[in-house]
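First the structure, in the form of structure tokens, and then the observations on it.
Just so it is clear, none of the values below were taken in a lab; they were calculated from the coordinates. Keep in mind it's a predicted model, so treat the numbers as computed, not measured. Cβ: placed from backbone, ideal geometry, glycine included. Neighbour counts: every protein chain shown.
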Amino acid sequence: MSDVTAQPFAAVYRAQSMASSFGFAVRHSESFWFRGRLPEVTAALRPADGGLALEGAAKVDSMSVVAPAELRRHLLGPEFFDAERHPEVIFRSTDVRLLDGGRLEVDGELTIKGIARPVAAAGHYSPPRQAAFGEVAGLDLQATIDRREFGFDWQAELPGGGDALGWEVRLEVDLLLMREDAGSPARTD
């Protein structure tokens, strides 16, 4: 028995920025998860070569963090995202698998700070359904990366020993997708 389900996405579906985001979380001081969000997201899920393709980007300077302004500036600077030279985080899938029970697996290439690396993500999808404002669907994906692979090498030692920031970063992507009409693109705001 196959674990792969029928492909319900027969058109192009674009992310709606009002309810879509790219988030990250990294262990801080070996005590808590420091979280950030890049809410300015563009993405499209479309039929491609008998399967599906997912592409998206998030604007780095849209970063929202609960932290002092100087920490946000540090995150946008060269030691982390380097937003001036690399204004977007970009993803392009190489394989999208819709599985039974609404599960989803996606392989692709993630580019952060101008560095592209393969990444595997897993999560869930909600198949297309009619809503008051059009045909909608949803994707939520999670992945874990080693931040050093993307040039995020900054580290500080804690006063009692140990690293200030963990090397592993959790990524979370939530997309509200709306079917694009054949004659006009869907709104993304």
- request: Identify which of Ala143, Ala156, Ala43 has the largest mean-square fluctuation in a Gaussian network model of the chain, with springs joining Cα atoms closer than 10 Å.
  value: Ala156
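Summing +1 for each Lys or Arg and -1 for each Asp or Glu, what net charge is found among the other residues whose Cβ lies under 11 Å from the Cβ of Arg148?
Result for the local shell: -2.
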message: Can you classify region 21-123 as rounded, prolate or oblate using the Cα gyration tensor, where a ≥ b ≥ c are the square roots of its eigenvalues, rounded means a/c under 1.5, and otherwise it's prolate if a/b beats b/c and oblate if not?
response: prolate
query: Among Val65, Val89, Val173, whose mean-square fluctuation peaks in a Gaussian network model of the chain (Cα, cutoff 10 Å)?
result: Val65
task: Choose one answer from Pro47, Pro159, Pro127: the residue with the largest mean-square fluctuation in a GNM of the chain with alpha-carbon springs under 10 Å.
output: Pro159
- line: Placing +1 on each Lys and Arg Cβ and -1 on each Asp and Glu Cβ in the chain, then taking the dipole about the Cα centre, the residue among Ala143, Met178, Ser64 whose Cα reaches farthest towards the positive end is Met178
message: Using the basic label-point model (7 angstrom from Cα toward the beta carbon), what is the Ala120 to Asp61 distance in nanometres?
response: 3.7
query: Which whole-angstrom value gives the distance between the alpha carbon centres of region 47-113 and region 143-174?
result: 16
field: Integer Hz, Karplus 6.51/-1.76/1.60 couplings in order for region 22-34, x for Gly and Pro
entry: 10, x, 9, 9, 9, 5, 10, 6, 6, 10, 8, 9, 7
query: Considering the values (1) 18.2; (2) 17.6; (3) 17.0, which represents Kirkwood radius over Cα pairs in Å as calculated for the structure under consideration?
result: (2)
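At a threshold of 8 angstrom on Cα-Cα distance, excluding pairs fewer than six apart, so keeping six or more, what relative contact order does region 13-179 reach in percent?
Numbers: 405 pairs, mean separation 43.1, N = 167.
Worked out over region 13-179, it gives 26 percent.
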